[in-house]
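Each reported figure results from applying straightforward, stated rules to the coordinates on display, with no laboratory input. Not measured: the values here are computed from a predicted model. Neighbour counts are summed over all protein chains in view; Cβ atoms, including those assigned to glycine, are modelled from backbone coordinates with ideal geometry.
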Amino acid sequence: MKSLYDPAVALAFFKSAGNPEKFPQGATIFREGEKSHALLLQRAKMYYVYHGEVSLVARKKIIGSVQKGEVFGELAPLTHAPRTAGAVAQTACRVIALDDREFHAALMKKPAFALMLMSVMVARLRHTIVALHAEGKLSVSGAWKEAAVFDKRQLADLVQGLANDPPLYFFRGSVIIKEGSTGVRMYTVLEGRVEVTIEGSKVERIGPGGVFGEAALLDQATRLASVQAETDCALQPIGRTAFLELVKVSPAFAEKMLANLAHRLRLLAARLN
């Protein structure tokens, strides 16, 4: 797997719009279940560790640590949902904080940073899936709520001139992606619905406007999941070169892709915790 993350570039990004904060050893940076309240001027933040170490805590157990040069806490400002874990200063530490508005402002100037953050999130997604499998928690009852990332007009405007592949059509029951295969394209659902499975366990249903297959384009590793046409469907393929270029030139595309990944990671992390 190839990581796109560069701590120096991340530091420059956070410095461009963020604010430095200090926490003594043992201080709580944010709590599990904490939710932002924009009207009360309490906005969710993500952080870059400039110095020190931070522990991530869920149900009073340490589930991970964040070292100098790494980022954490990005899910809440991207999804505007409660924190899936808390963060505590393992040592005295200095961080640079970005709330959702500051992150948006920085991304408008440097949309390419989204690729780095997506790379970090995909690595966490893969780790979470391994942990869920080990604990037998991959399978879920019922269906996930479908998240529409793009509308048709917006998608057409974005891919024009970059993703020139014509739409692909699949009959109900057709296999679109095989888990473990090499990924060369991502897809947006134009019509119909697809079903996502990991090791035979259904984990997601994706309808019009939803996207899938982007993870393998980011880290150039094998596919995380299999995808099958639940109904007859039409898909817009987007190759890796076009995907990378879309993120770099379009802050709107970058932000929507980040939010989509954050939503998936948050749902999986919540099940694990």
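Couple of notes before you dig in:
- Summary value for the chain: 22 percent relative contact order, contacts being C-alpha pairs under 8 angstrom separated by 6+ residues.
- Counting only lysines at least 8 places from Lys178 when in the same chain, those with an alpha carbon closer than 19 Å to its own are Lys202.
- For Ile63, residues with placed amide H under 5 Å, excluding near neighbours: Leu56, Val57, Ala58
- Local electrostatic count, Pro111, Cβ distance below 13 Å [Lys/Arg +1, Asp/Glu -1]: +2
- Label-point gap, in nm, between Arg172 and Met108 - each point 7 angstrom along Cα→Cβ: 4.6
- Rounded to the nearest Hz, the phi-derived 3J(HN,Hα) couplings of segment 60-72 under the Karplus curve 6.51 cos²θ - 1.76 cosθ + 1.60 (θ = phi - 60°) are 6, 10, 6, 10, x, 9, 10, 9, 3, x, 10, 10, 7, where x marks glycine and proline.
- Ordering of 70-80, 8-18 by packing [mean C-beta count within 10 Å, highest first]: 70-80, 8-18
- Taking every alpha-carbon pair within segment 1-101, the share separated by more than 18 Å comes to 46 percent.
- Annotation note: trypsin sites (Lys or Arg not before Pro) in segment 166-273 located in DSSP loop regions with a Cβ neighbour count of at most 15 within 10 Å are Arg172, Lys178.
- Within the straight-line cut-off of under 19 Å between alpha carbons, the aspartates and glutamates reachable from Lys68 are Asp6, Glu21, Glu53, sequence neighbours fewer than 8 places apart in one chain being disregarded.
- Across segment 47-126, C-alpha contacts under 8 Å between residues 6 or more apart give a mean separation that, scaled by the residue count, equals a relative contact order of 33 percent.
- Folded to 0 to 90 degrees: helix 100-109 orientation relative to the chain principal axis, Cα: 60
- Equivalent ellipsoid, the chain (semi-axes from 5 times Cα gyration tensor eigenvalues, Å): 32, 22, 16
- Amide proton proximity set for Asp232, modelled H, under 5 Å, gap of 5+: Arg172
- Cross-link reach list, aspartates and glutamates versus Lys60, counting only Cα pairs under 18 Å and skipping chain neighbours closer than eight places: Glu32, Glu34
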